[in-house]
1. Name every residue in the stretch 74-110 that is modelled with pLDDT of 90 or more and in a loop (DSSP other than H, G, I, E, B), in order of residue number.
2. Pull up the stretch 31-49, narrow it to residues that are touching a helix residue (DSSP H, G or I) at 6+ places or on another chain (Cβ under 8 Å) and in a strand (DSSP E or B), then point me to the one that is farthest from residue 254 (Cα to Cα).
3. Do any residues in the stretch 88-103 that are in contact (Cβ under 8 Å) with a residue 24 or more places away in the chain have Cβ atoms under 7 Å from those of residues that are within 16 Å of the ligand (Cβ to nearest atom) and in a loop (DSSP other than H, G, I, E, B), where the two are at least six apart or on different chains, and which pairs are they?
4. Among the numbered criteria (1) closer than 21 Å to residue 222 by Cα; (2) in contact with a helix residue (DSSP H, G or I) (Cβ under 8 Å, 6 or more places away or on another chain); (3) at pLDDT 85 or above; (4) within 15 Å of the ligand (Cβ to nearest atom), which one does residue 141 miss?
5. Restricting to the stretch 48-60, name every residue that is more than 16 Å from the ligand (Cβ to nearest atom) and surrounded by 15 or more Cβ atoms within 10 Å (Cβ to Cβ).
6. Could you list, in sequence order, the residues of the stretch 215-239 that are under 23 Å from residue 178 (Cα atoms) and exposed (fewer than 15 other Cβ atoms within 10 Å of the Cβ)?
7. Report yes if residue 65 is in contact with a helix residue (DSSP H, G or I) (Cβ under 9 Å, 6 or more places away or on another chain) and in a helix (DSSP H, G or I), otherwise no.
Ligand SMILES: [Ca+2]
């Protein structure tokens with residue numbers, strides 16, 4: 001069972017595609033896009049742990065301008081193209097010997113059969129000389145996620161391929177406890193809506209403290225995203241979260257892997273553990 005009605009998709013395309021034909025590898029998309037990269041910082045070691053790849057227009061348009069052009073006829077091809085573009089760009093921009101992780105967002109709705117749908121991704125990694133164990137995939141729950149078993153199959157398959165998995169947007173909207181208990185990803189990304197102004201909010205601190213305790217018990221790591229101020233970062237650090245991301249460290253940038261100001265990182269650490 002898929003999350004999108006694949007049969008309707010096939011008949012609307014009118015080409016009798018087989019069940020894995022949706023991605024149409026190599027199919028040209030009717031719009032152009034690129035990827036920006038935003039650092040994920042490890043506060044404990046004072047290093048850049050990895051980068052999240054984020055969709056952008058080629059002229060710098062925001063993600064929404066691109067995502068609004070994705071429809072049922074292009075969702076599979078777009079998902080494939082995003083992975084491939086992210087890996088190729090990241091491999092080209094990474095310094096030699098880099099070990100930084102690359103985190104890619106994916107839509108469970110755009111994966112029909114995990115093993116088949118990942119083939120182009122693995123080929124792109126191989127072509128680029130990119131170690132697949134440096135890949136992390138972030139998935140999120142949306143209003144159409146009704147088939148939890150499908151998502152679990154994807155997460156388990158990705159783990160078997162050596163990828164890390166992350167539950168994105170945790171604490172916002174739909175992404176929450178039931179998915180965490182069903183999936184047990186490697187880490188959860190705490191949504192910025194839980195973290196904004198956390199330094200001045202005892203309620204937010206209490207919630208995040210209990211999430212940290214819960215995820216420790218589950219063996220799941222926490223990443224705090226969307227951090228914008230030194231006070232937020234310091235509070236997050238005090239609460240025991242090591243992985244952080246947000247404009248405070250660096251905005252997403254195209255055409256380069258943006259650095260993080262050395263002053264923000266631990267004493268004596270190099271700016272980029274990858275480099
Ligand atoms: Ca994400």
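1. 94, 95, 96, 97, 98, 99, 100 - these are the residues of the stretch 74-110 that are modelled with pLDDT of 90 or more and in a loop (DSSP other than H, G, I, E, B).
2. In this case the residue turns out to be 41.
3. none
4. (3)
5. Passing the criteria: 48, 57.
6. Residues satisfying the conditions are 216, 217, 218, 219.
7. Here the answer is no, as residue 65 does not meet what is asked.
The values are calculated or read from the model by the stated rules, or taken from the named source; none is laboratory data. The model shown is predicted, which means the values in this text are computed figures rather than measured ones. Reconstructed Cβ throughout: ideal geometry from the backbone, glycine too, with neighbour counts over all protein chains shown.
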